[in-house]
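For reference, the structure is listed below as structure tokens.
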Amino acid sequence: MLEVRDSHAYIGQTYVLKGVSLEVRHREIVALIGANGAGKTTTLSTISGLTRSRRGKILFRPDPDATQRDITRVPAEEIVSMGISHCPEGRQVFSDLNVWENLLIGAYLRKDKQAIQSDLQWVCELFPILGDRRRQSAGSLSGGEQMMLVIGRALMSRPRLLLLDEPSLGLAPILVEVIFEMLEQINAQGTTILLVEQNARMALELAQRAYVMETGRVTLSGTGRELAENEEVRKAYLGAT
Amino acid sequence: MGWNRLKWFFPMLILAGAILVFILRSSVNDYILSIICFAGINIILAVSLNLTNGFTGLFSLGHPAFMAVGGYVAAILTFPVTRKAMLLPALPSWLAAQQWSLLPALILGGLCATLAAFLIGFPVLRLKGHYLAVATLGFLIILQVLITNLESFTRGPLGLNGLPLLTNLWWVYLWVVITIYVCWKVKHSSLGRSMLAIRENEMAAECLGIPLSRTRIMAFALGAFFAGVAGCLWAHLVTAITPTSFSVIMAFHLVVMVVVGGSGSITGATIAALMLTSVVEILSPLEENLGAYGISEIIISIGLLLILIYRPRGLFGTQEPAFLVKQRQRVSGEVGRSLSYQNGKGGTS
């Protein structure tokens, strides 16, 4: 579905991605783990078009039978309309707007009014709390609710591929579990997920496959279980001694 | 029921305003009428400035520049041919032969202001915050210099005087209604939500596929159109226009109106424009009697400080008064209720 080939990217003057290659297949959950500053977030933003890569290719095929397209130089809004939705790091809600307006902004590029209504319904089924709080301003929600809102808002563009940046950031363990269960459910309903996580244990449990990044390169890859059992990964990211 | 009430509320309000205009025109003297016209023009300016400074979070000080564009374009078009031959002998003959009525001149003036907004929007709207404020201020100054030096069209620093007095309260009222209506529609549309989204969180907005620069330019250009129209109305009310008519002080006053009303609130901008205009008019006789010129500026500045301290988000914040938007919330409320009902059903089955 998504193929990143030898991507090189700079943030300002800093050389962040030094040749990242990875692949996401249809209906998979793929995790991207690694220390701070490894380039995980930059990898996501090169995919969604927020950052331009200097070298390399990013190829995307929304459905198994669709034609593959090179999205390396495509503007961000077009990438969203092709079916990639990016949830940036740190619960970026529109705090002054209410929950309902936040969700509607997620559907900004869509014109099919009725389908938008039924998707609002779908999102409220996934996260009933959002339906209950629809008229509250997003800034007044708790951290967990804001995270749900951000995910729900990203789903409103009907993505084929959801890019998630650290959904567990700053959330209580119990809430992280709730969120991860939701991700599993969203994935089961047909959305492919590429997940960036610091919480390596949870991420490797959830993901079918995973990549480990270090200083701008992918250093390891394998199934979630393989990596969870890998000695180096256990030492570096799972706290084993 | 609430639906019906609101469906009739706005047309009734417009009608009530029209009746008020009618009564005022037959009962009040010309001086007070012209003050009311200025208040109306200020409403147009504050509400349209709200599109950029309020909704989209672009701090622009360039509004008077767009007024100047609109004002000069319309003034040249409506000037009687005979006077034009006298005052502006160097005008190209095709332009010298024009003598338009107010409405087409207003619209063309507005469109020229929009065009100017597009031209400066592309380079300038890459900037943010203070940088944008400085850049738009620069545009205002460049435009003043340009007008001063384009003597064959503008008579330079002398300005154009003796314009036909075409603006009356009906025209002002018409454009107040159009401006508020358009901005209201924009605010409650998907375009308006995307503007607010950019103001709230640019990165998240970009992630959701909102084209940042296109939306910014839209807000800027739409605001400029109404500023251009307001400039024409202003010029044909004062009946004179010079390069310094549209000044930095004016930009400051307009920004104050938006801040006092609440960035993003149309109701707030309208009320603040009315308040500020009347405060200035009430205080100016006081200034003359006491010989204390500038006291109105001091009072306005103190008022602004007090509002920034005690109500930093302005009188209304981003919101409109609840009774005006109930309709929309009620509809979505119904969707929400049917949703939670279906949720319950889904949960038990």
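Since every read-out is calculated from the coordinates, none of them should be taken as a lab result. Computed from a prediction, not measured in an experiment: that's the story for all the values here. So basically every Cβ, Gly included, is an ideal-geometry build from the backbone, and we count neighbours across all protein chains shown.
Observations
- Counts of other chain beta carbons within 10 angstrom of each beta carbon in peptide A:90-102 average 5.
- Over the C-alpha trace of segment B:33-340, radius of gyration and Dmax come out as 20.2, 74 angstrom.
- Highest GNM mean-square fluctuation among B:Cys112, B:Cys207, B:Cys232, for chain B modelled with Cα contacts below 10 Å: B:Cys207.
- Intensity falloff of segment B:93-242 expressed as log10 I(q)/I(0), Debye formula with alpha-carbon point scatterers, at q = 0.18 Å⁻¹: -1.19
- When only alpha carbons of segment A:129-237 are considered, Rg and Dmax amount to 15.3, 49 Å.
- Here the translational diffusion coefficient of the protein assembly as shown follows from Stokes-Einstein with Rh set to the Kirkwood radius across Cα pairs; for 20 °C and 1.002 mPa s it amounts to 80 µm²/s.
- The H on the amide N of A:Arg217, modeled in the peptide plane, is under 5 Å from the matching H of A:Lys18, each at least 5 residues off or on a different chain.
- Segment A:1-133 - percent relative contact order, Cα under 8 Å, separation 6 or more: 20 percent
- Label-point separation in nm, A:Gln13 to B:Trp8, each point 7 Å along Cα→Cβ: 6.9 nm
- Counting only Cα atoms, the size of segment A:36-153 along its three principal axes is 45, 37, 21 Å, in decreasing order.
- Chain B: angle of helix B:30-49 to the longest principal axis, Cα-based, in degrees nearest 10: 50 degrees
- Rounded FRET efficiency, nearest 0.05, which uses the C-beta distance separating A:Ser21 from B:Leu158 and R0 of 60 Å: 0.30
- In the elastic network of chain B, a GNM with C-alpha springs shorter than 10 Å, the most mobile of B:Leu166, B:Leu290, B:Leu119 is B:Leu290.
- With 22 Å as the limit, the listed pairs A:Lys40/B:Lys128; A:Lys18/A:Lys57; B:Lys7/B:Lys187; B:Lys128/B:Lys185; A:Lys18/A:Lys40; A:Lys18/B:Lys128 have A:Lys40/B:Lys128; B:Lys128/B:Lys185; A:Lys18/B:Lys128 beyond it between alpha carbons.
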